[in-house]
Amino acid sequence: MSAIRVKRRPRSSSAPGIGFYISATVLVLLSIAPILWVLKMSLIPRAELFASPPTFLPQDFTLSSYSTVFSDPTFIRGLFNSALIAGVSTLACLLLGAPAAYAFARLRFRFRTFLMTGILALAFFPAVAVIAPLFLEFKALDLLNTYWAVIITDTVFVLPLTVWILTAFFRQLPRDLEDAAKVDGATTLQAFRHVILPLAAPGVATAAIIAFIVTWNEFLFANTFLFDSDHWPATVVIPNFATTHTVEYGAQAAAALVITVPIALVVLAFQRRIVQGLTAGALKG
Amino acid sequence: MNGGTGTADNRRGAGAAERRTARWMVSPAILLIVAVAFFPVAYSVYLSLHDASITSVGGWVGFDNYAQLFRDSKFTGALLNTAVFTAVSVTIELVLGLTIALGLNQAFRGRGAVRTAVLLPWAFPVVVSALMWRLMLQDQVGIVSYLVQSLGLADSPILSDRTSLLIAAILVDVWKTTPFMALLLLAGLQTVPKDVIEAAKVDGAGALRRLFSITLPLLKPTILVALLFRTLEAWGVYDLFWVMADRQLDSLSTYTFEGVRVSQLNFAPGTAAAVFTFFAALAIALVFIKLLGARTAEER
């Protein structure tokens with residue numbers, strides 16, 4: 001990790017000009033303008049929402065859209081389900097992914113490249129290719145319409161990304177430390193648990209953050225395997241909310257923003273780490 | 001690349017134990033992936049060759065399901081939509097992303113703020129961006145509809161016309177993923193050695209010459225990896241079409257979903273569509289990996 005940070009320092013000697021700052025500002029505005037506009041839609045009263053021509057700055061404020069959202073029990077339940085599904089999947093991903101990533105990064109065993117390629121290939125699977133057979137399998141196992149169906153599929157489909165990120169992080173750690181631990185009589189597993197994992201904590205945190213974002217946003221599996229609003233995560237509740245509140249555009253806008261708040265906070269807090277995690281793997285080619 | 005050959009003796013002694021530990025560390029992940037991803041794909045292929053339904057596998061029908069698929073104009077439409085969506089959105093994202101990355105490849109104040117701002121659209125659930133843009137494209141209250149109509153670009157409601165829906169879907173995808181592309185490419189740019197570029201400058205190479213003769217060739221592996229990721233992600237597009245177009249616009253994935261999950265009478269053709277989507281994705285991936293392999297071999 002520190003290696004990346006050091007690399008970033010020495011850059012172009014000349015300070016960026018005014019044209020540069022203008023284009024950076026345009027870029028930022030293009031990214032967040034739609035978000036701000038929807039925020040505005042969620043805060044203005046109905047009459048202003050339907051005004052033509054539209055008002056560019058809000059003239060009037062109301063929180064009624066938000067009270068519509070929060071008085072809908074399905075919606076609260078959806079947020080809870082999302083947190084549960086994303087939380088458990090993230091944890092499972094780390095428990096399965098960290099040991100595998102360590103083995104790929106450090107140990108020698110037969111079929112290593114083959115297995116690693118197999119896991120990474122999964123990142124390119126169109127998820128839709130597995131829904132029909134999994135529907136039948138989950139039906140046979142009585143797992144349809146349970147959290148497990150979605151937790152299992154989410155975990156498996158986020159694993160490649162987790163393994164990729166963690167392998168990249170483990171490879172950056174100095175090898176001498178484990179070797180020293182092994183000379184002192186530690187087994188490979190002990191060296192992994194007591195030496196490598198604590199050192200790789202930032203990398204593990206990065207993988208966890210990215211896995212959480214991806215599973216929080218998952219829609220296809222949840223929409224396929226869960227049939228009732230008791231189990232739906234927020235991503236499935238949202239389109240259904242929009243269908244039942246067809247013309248309440250303000251409430252739809254509020255709903256869209258509310259489910260994104262947790263993710264937005266994570267991004268704000270960890271932007272540097274997220275970028276490092278996402279690019280660490282990609283640069284290995 | 002891991003260096004450290006000094007401990008080779010040590011390692012050879014512990015070789016068998018190490019292999020055993022490695023097996024234990026890798027197998028849970030591998031077994032789960034095989035059970036939940038690789039086996040189901042194989043099972044999909046099997047189902048697609050049968051007269052399958054949600055309750056039974058049915059009799060062997062060979063390639064009938066595939067033949068039926070290509071006679072279905074809904075499927076060929078979905079295929080065309082997906083191909084156009086993938087090709088156009090990924091091309092725009094690459095060009096824009098590269099431009100942004102080249103522009104941002106310098107130290108400047110407010111770097112963190114820019115990074116956060118461009119990460120936000122990426123981190124938003126697709127479902128949410130789809131809904132947000134549907135609101136903005138909406139005929140009665142949508143700001144985009146209002147602007148488009150007052151500029152005289154279109155007179156019919158955007159959300160009721162398939163072509164404009166597809167254009168809108170491409171634009172939403174560009175909004176959502178260009179920043180991500182730019183960040184990946186920016187990280188690649190930062191590994192391009194500065195002294196090579198300085199040397200070229202001293203030798204009198206112009207900015208464009210430096211870009212096309214040094215920066216882009218060195219960046220090619222990163223570009224290919226980013227393209228591979230984005231192309232396959234776009235190929236599987238589902239959430240965006242399903243929510244933004246309110247089921248009026250088909251992609252390969254929404255077509256499969258409808259067959260398999262919604263109107264279960266179409267279960268068998270649905271599995272055929274899933275298998276087709278899968279093998280097409282595999283073919284795309286192989287082309288990129290071939291390009292990537294050729295590239296790296298050339299460099300070494």
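Read-outs throughout are calculated quantities, based only on the coordinates presented, and are distinct from any laboratory measurement. Because the structure is a prediction, the values reported are computed rather than measured. Every residue, glycine as well, gets a Cβ built from its backbone with ideal geometry; the counts of neighbours run over all protein chains shown.
For this structure, a couple of remarks:
- Per-selection Rg to Rh, the protein assembly as shown - Cα, Kirkwood hydrodynamic radius: 0.98
- Remark: A:Phe270, A:Phe170 ranked as A:Phe270, A:Phe170, counting other beta-carbon atoms within 10 Å and listing the fewest first.
- Chain B: relative contact order in percent, alpha carbon pairs under 8 Å with at least 6 residues between: 26
- Taking label points 7 Å from Cα along the Cα-to-Cβ direction, B:Gln68 and A:Gln59 give a separation of 5.7 nm.
- Computed over Cα pairs, the Kirkwood radius of the stretch A:97-172 leads via Stokes-Einstein (1.306 mPa s, 10 °C) to a diffusion coefficient of 115 µm² per second.
- Distance between modelled label sites at A:Leu84 and B:Val262, nm, 7 Å Cα→Cβ extension: 2.8
- Pairwise FRET efficiency - A:Ala264 versus A:Ile18, Cβ, R0 = 25 Å, nearest 0.05: 0.25
- Legend: calculated FRET efficiency, B:Ala16 to A:Ala51, from the Cβ-Cβ distance at R0 = 56 Å, rounded to 0.05, equals 0.15.
- Linear extension gain, B:Leu216 paired with B:Arg247, 0.36 nm per residue minus alpha-carbon span: 7.1 nm
- Inter-site label distance for B:Ser56 and A:Leu29 at 7 Å from Cα along Cβ, in nm: 6.5
- Scaled against 2.2 N^0.38 Å for its residue count N, the alpha carbon radius of gyration of the stretch B:41-151 is 1.70.
- Efficiency of FRET from Cβ geometry, B:Arg209 and B:Thr76, R₀ 60 Å, rounded to 0.05: 0.85
- Intensity falloff of the stretch B:157-277 expressed as log10 I(q)/I(0), Debye formula with alpha-carbon point scatterers, at q = 0.21 Å⁻¹: -1.12
- Kyte-Doolittle mean at least 0.5, axial Cα span of 20 Å or more - DSSP H helices of chain A: A:18-43, A:73-106, A:147-172, A:201-216, A:249-284
- Per residue, the Cα convex hull of the stretch A:67-284 amounts to 145 Å³.
- Farthest positive-ward along chain A dipole, Cα basis, beta-carbon charges - from A:Pro34, A:Ala123, A:Trp216: A:Ala123
- Here B:Trp24, A:Trp37, B:Trp133 are placed in order of increasing Cβ neighbour count within 10 Å, fewest first, which gives B:Trp24, A:Trp37, B:Trp133.
- Order of A:Val195, A:Val158 - criterion: other Cβ atoms within 10 Å of each residue's Cβ, fewest first: A:Val195, A:Val158
- Cα principal axis extents for the stretch B:64-299, largest first, Å: 68, 47, 29
- Close Lys-Lys pairs in the protein assembly as shown, where close means Cα under 26 Å and separation is 8 or more or interchain: 13
- Helices of chain B meeting both criteria, an alpha-carbon length of 20 angstrom or more along the long axis and an average Kyte-Doolittle score not below 0.0, with helices taken as full DSSP H segments, are B:15-33, B:73-104, B:162-189, B:216-235, B:267-299.
- For B:His50, residues with placed amide H under 5 Å, excluding near neighbours: B:Val61
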